[in-house]
Amino acid sequence: MIILKSRDEIDRMRVPCRIVAEILYGLRALVKPGVTTFELDLFAANEARKRGAKCAFRGYHNYPSSLCCSPNEQVVHGIPNKSALKSGDIISMDFGVLVDGYYGDSAITVPVGEISAAANMLITVTEESLYAAIDAAQSGNRLGDVSFAVQSYVENRGFSVVRDFVGHGIGKSLHEDPQIPNYGLPSKGVKLKPGMVLAIEPMINEKSHEVRVLDDNWTVVTCDGGLSAHFEHTVAITEHGPEILTRI
Ligand code: MF3
Ligand code: CO
């Protein structure tokens, strides 16, 4: 069941969403060769605490950290550790918080030092596919229009869409209906209505779309070792169009 949010609830969701955006903005500046994902996790946790926000992922199905850090061939749900990032890596950071009963959720992928042209293209296309999806998230359109926007944008540029993980509705729970696949058919699926709040999150691979979960039961990696990128925004559907709540 899709839970519609009132104007007042959307206003309340701005608070966790803005905090997530600010903290990801800070994390982006911290990413450089030599930093560990453990340090990034600590920064996110401290910044959330300062703002009175609860980290949404820590403890969620026993996830052990505040931030998801997924370098290179890791797709999502990478667990922060003490190994240092190095120039040429890419790193996806996914963060969510809870404030006053409402969640915000967003993710970015950023370069570490100097990266290859291919890695840079993957990051650019993944971010642009998120904006294509958001453009399609108009009241009266259907969920399939959003999914298809990502898939067509990405596949036309030679990359592939991860199928085993999806975006989601968000509000008083981190994950609400509907599920939002990053592939699909235009004009199919539920009709988008004002009051829906969606976490749209393309996960895009350089090579094959196939992924698997490591023995830690969290870290999702590409099967072929190719790079993967991830961007996510929490977006409110309004009568005046989509509104990105996690925009800085
Ligand atoms: N943004 C991710 C999601 O919406 C983060 C979940 S990580 C978890 O699913 F640890 F909380 F599972
Ligand atoms: Co999410």
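All of the numbers you see were taken from the coordinates with simple rules; none came from a lab. Not measured: the values here are computed from a predicted model. Neighbour counts run over all protein chains shown; Cβ positions are idealised from the backbone, glycine included.
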> Only one of 51, 7, 28 is among the basic types (Lys, Arg) and within 20 Å of residue 197 (Cα to Cα); which?
Replying inline: 7
> In the list 50, 32, 82, which residue meets the criterion of being away from ligand 1 (no atom under 16 Å from the Cβ), touching a Phe, Trp or Tyr at 6+ places or on another chain (Cβ under 7 Å) and more than 26 Å from residue 208 (Cβ to Cβ)?
Replying inline: 82
> With (1) surrounded by fewer than 20 Cβ atoms within 10 Å (Cβ to Cβ); (2) out of contact with any strand residue (DSSP E or B) (no Cβ under 8 Å at 6 or more places or on another chain) as the list, and residue 148 as the residue in question, which single condition is left unmet?
Replying inline: (1)
> In region 85-112, which residue that is over 11 Å from the mean Cα position of the chain (by Cα), more than 10 Å from ligand 1 (Cβ to nearest atom) and assigned to a strand (DSSP E or B) is surrounded by the most Cβ atoms within 10 Å (Cβ to Cβ)?
Replying inline: 97
>> Checking the structure you have, find out if any residue of region 96-103 is out of contact with any Pro (no Cβ under 9 Å at 6 or more places or on another chain) and hydrophobic (A, V, I, L, M, F, W, C).
In response: no
> strands (runs of 3 or more DSSP E) wholly in region 162-235 with at least 3 residues that are within 12 Å of ligand 1 (Cβ to nearest atom) and either without any contact (Cβ under 8 Å) to a residue 12 or more places away in the chain or in contact with a strand residue (DSSP E or B) (Cβ under 7 Å, 6 or more places away or on another chain) (or both) - which ones?
Replying inline: 167-169, 176-180, 197-200
